[in-house]
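Everything on this sheet refers to the single structure shown next.
The values are calculated or read from the model by the stated rules, or taken from the named source; none is laboratory data. Everything numeric here is computed off the predicted structure, so don't read it as measured data. We place every Cβ from the backbone using ideal geometry, glycine too, and count neighbours over all the protein chains shown. We work out accessible area using only protein heavy atoms, side chains counted, and drop any ligands, DNA or RNA first. Shrake-Rupley method; radii C 1.70, N 1.55, O 1.52, S 1.80 Å.
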Amino acid sequence: KLLPAVTDSYVFVANPARNTLTRIGVPSLDVITVDVGVEPDQVITTSDYSKAISYNKGSDDLSIVDALTLDVYTVPVLNNLNSMTVSPDGVWAVVFHDADIEDEGRSDGTQSFNELSVVNTDSGEHFPMVVGRNPHQVKFTDDSTLALVVSDEKLALINLATGTPDRSIIEISDDLLDPPRAEELEITPDGAYAFIRQFNTADIKLVDLSSDEVTSLPVAVNPTDLDLSPDGSEAVVVDRGAGQLWIYPTINPESAIAEVIDLPENELIGSMQFSPDSSKAILYTTAASVSHYTTWDLDEPDPAESLTVRPLVKPVKSVSITPNGGGLVVFHSDDSGDDSDPAYAGKHALTLIDLDDFLDNPMILPGEPTAYAASSSGDVGYYIMEGEKTLTMV
């Protein structure tokens, strides 16, 4: 989770063992370290690049750092949290306990898995509040006026437009005693609808955010990924069990009939990422030891011709498309599959792929990559490795 955080001029890296935050200049590579709270667990830079916000797990507070001067001020938050999300305008930070993160936790003090902290990073004001049990994800509308928190049985809507956040609750599960785990939340760019994927349920929950009405959009068997196209026009569901893509429009989705595209036969695909221009998507699996991925050409009118299976040297651990859509970064799992390249067996590796011609460049790494971040331009990326005291730029 220790992702480097990137601005147009700096890269910030949290150092939890030393209670510091390191700022690395780009391209000068000058390094300055500043003290923050105890055990900084996550750092995020604001969209205007003016601040780096560090969540300090050991001291239960946020360090808000001026990106230029490195001046620091601290805002206490609730105890025993483990995850932070920042609004698109950089004003609001929401810190919560993500039940999906493996966390030993701490035994000191009272602990609740229903509470979270909302912090105004400009004023330093802290607004604690209660949401549904075991929150899994926090998303903001594009204009940063609304934060949505999805938990197993509830969706919390936090109104941020008035300066003093207020909260309302929508029940999203029919079974309140044994609700399925909510795994993904997507919000349309206009803030009209929320789409929610739940574990092992053959539908997608649709929430009309103007009326709070909850309906269901059918899929086939087992949806494993949910994404909105970057232009916000479509919600796409990967149904791994059926080997299909289900596509719903985001305008009046409750009355729409889904377009269904069959995935390549015998391909186990559970995840998807769109390129920023909505021209293509990457389909892959991290649940099986297969050394290939599939590209989806969204400009191809014939669905049967739009999907192409392409080789890799090892199975996939994670993928990231660069912000300009020109490249794909694939981090590989340590395991090898039957179709892996034996030269990479037992080695840490990543592959850079040009998304124009799909030329690939696999590399063996000296350590296990643990975090990756891309520059805003998409021309370079940065990653850190276990046991390596360097930040590597590609």
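Of the strands (runs of 3 or more DSSP E) entirely within segment 142-239, those holding at least 1 residues that are charged (D, E, K, R) occupy 154-159, 166-171, 182-187, 193-198, 203-208, 213-218, 223-228, 234-239.
Val219 satisfies every condition listed in (1) open to solvent by 70 Å² or more (accessible area, probe 1.4 Å); (2) more than 21 Å from the chain's Cα centre (by Cα) except (1).
Within segment 18-43, which residues are in contact with a Gly (Cβ under 9 Å, 6 or more places away or on another chain) and within 25 Å of Asn82 (Cβ to Cβ)? Spell out the reasoning first.
So the first thing to find is which residues in segment 18-43 are in contact with a Gly (Cβ under 9 Å, 6 or more places away or on another chain), and the list is 19, 31-32, 37-41.
Listed by number, the residues that qualify are Asn19, Gly37, Val38, Glu39, Pro40, Asp41.
Can you work out which of the residues in segment 1-34 that are among the aliphatic types (A, V, I, L, M) and over 21 Å from the mean Cα position of the chain (by Cα) is least open to solvent (accessible area, probe 1.4 Å)? So the residue we want is Leu21. For segment 70-92, give me each residue that is open to solvent by 60 Å² or more (accessible area, probe 1.4 Å) and either more than 23 Å from Val11 (Cβ to Cβ) or not in a strand (DSSP E or B) (or both). Selection gives Asp71, Pro76, Asp89.
Which of the residues that make up segment 219-234 are over 25 Å from Pro180 (Cα atoms) and either touching a helix residue (DSSP H, G or I) at 6+ places or on another chain (Cβ under 6 Å) or modelled with pLDDT of 95 or more (or both)?
So in segment 219-234, the residues over 25 Å from Pro180 (Cα atoms) come out as 229-233.
None; the set is empty.
Number of residues in segment 193-208 that are of a type in the set (A, V, I, L, M), open to solvent by 20 Å² or more (accessible area, probe 1.4 Å) and modelled with pLDDT of 95 or more equals 0.
Evaluating Glu171 against the criteria (1) of a type outside the set (S, T, N, Q); (2) in contact with a strand residue (DSSP E or B) (Cβ under 8 Å, 6 or more places away or on another chain); (3) open to solvent by 50 Å² or more (accessible area, probe 1.4 Å); (4) without any contact (Cβ under 8 Å) to a residue 40 or more places away in the chain leaves one unmet condition, (4).
When you scan segment 93-112, do you find a residue that is among the aromatic types (Phe, Trp, Tyr), at negative phi and over 22 Å from the mean Cα position of the chain (by Cα), even just one? So that I can check it myself, show each step before the final result.
First pass over segment 93-112, keeping only residues among the aromatic types (Phe, Trp, Tyr): 96.
From what's left, at negative phi: 96.
When the remaining residues are screened for being over 22 Å from the mean Cα position of the chain (by Cα), the result is none.
No, segment 93-112 contains no residue that is among the aromatic types (Phe, Trp, Tyr), at negative phi and over 22 Å from the mean Cα position of the chain (by Cα).
Rundown of residues vs (1) touching a Lys or Arg at 6+ places or on another chain (Cβ under 8 Å); (2) not aliphatic (A, V, I, L, M), yes/no style:
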position	(1), (2)
Thr250	no, yes
Val260	no, no
Leu263	no, no
Gly270	yes, yes
Ser275	no, yes
Val290	no, no
Asp302	no, yes
Lys317	no, yes
Ile321	no, no
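Taking segment 324-348 as the range and being open to solvent by 60 Å² or more (accessible area, probe 1.4 Å) and closer than 11 Å to Gly378 by Cα as the test, only Asn324 passes.
Here Thr351 fits the description: of a type in the set (S, T, N, Q), touching a Pro at 6+ places or on another chain (Cβ under 6 Å), open to solvent by less than 70 Å² (accessible area, probe 1.4 Å) and not in a loop (DSSP other than H, G, I, E, B). Would a scan of segment 355-372 turn up a residue that is within 25 Å of Gln244 (Cα to Cα) and either free of Cβ contacts under 8 Å to residues at least 24 places away in the same chain or open to solvent by less than 20 Å² (accessible area, probe 1.4 Å) (or both)? Checked segment 355-372: at least one residue is within 25 Å of Gln244 (Cα to Cα) and either free of Cβ contacts under 8 Å to residues at least 24 places away in the same chain or open to solvent by less than 20 Å² (accessible area, probe 1.4 Å) (or both).
Out of Ser289, Ser320, Ser306, one residue alone is closer than 30 Å to Trp246 by Cβ and touching a Gly at 6+ places or on another chain (Cβ under 6 Å). It is Ser289.
From the list Ser320, Ser289, Ser279, Ser255, which residue is among the polar types (S, T, N, Q) and either farther than 30 Å from Thr392 by Cβ or surrounded by 19 or more Cβ atoms within 10 Å (Cβ to Cβ) (or both)?
That would be Ser255, the only listed residue that is among the polar types (S, T, N, Q) and either farther than 30 Å from Thr392 by Cβ or surrounded by 19 or more Cβ atoms within 10 Å (Cβ to Cβ) (or both).
Selection of segment 258-269 for residues being within 20 Å of Arg310 (Cβ to Cβ) and either in a loop (DSSP other than H, G, I, E, B) or open to solvent by 20 Å² or more (accessible area, probe 1.4 Å) (or both) yields Asp262, Leu263, Pro264, Glu265, Asn266, Glu267, Leu268, Ile269.
Please pick out the residue among Asp178, Asp152, Asp142 that is at pLDDT below 95 and buried (at least 20 other Cβ atoms within 10 Å of the Cβ).
On the way: Asp178 fails: buried (at least 20 other Cβ atoms within 10 Å of the Cβ); Asp142 fails: buried (at least 20 other Cβ atoms within 10 Å of the Cβ).
One residue alone meets the criteria, Asp152.
Count of segment 35-54 residues, restricted to those that are open to solvent by less than 70 Å² (accessible area, probe 1.4 Å) and within 17 Å of Thr7 (Cα to Cα), is 11. Taking the listed residues Ser117, Ser112, the one that is assigned to a loop (DSSP other than H, G, I, E, B) and either open to solvent by 10 Å² or more (accessible area, probe 1.4 Å) or under 25 Å from Ser54 (Cβ atoms) (or both) is Ser112, with no other qualifying.
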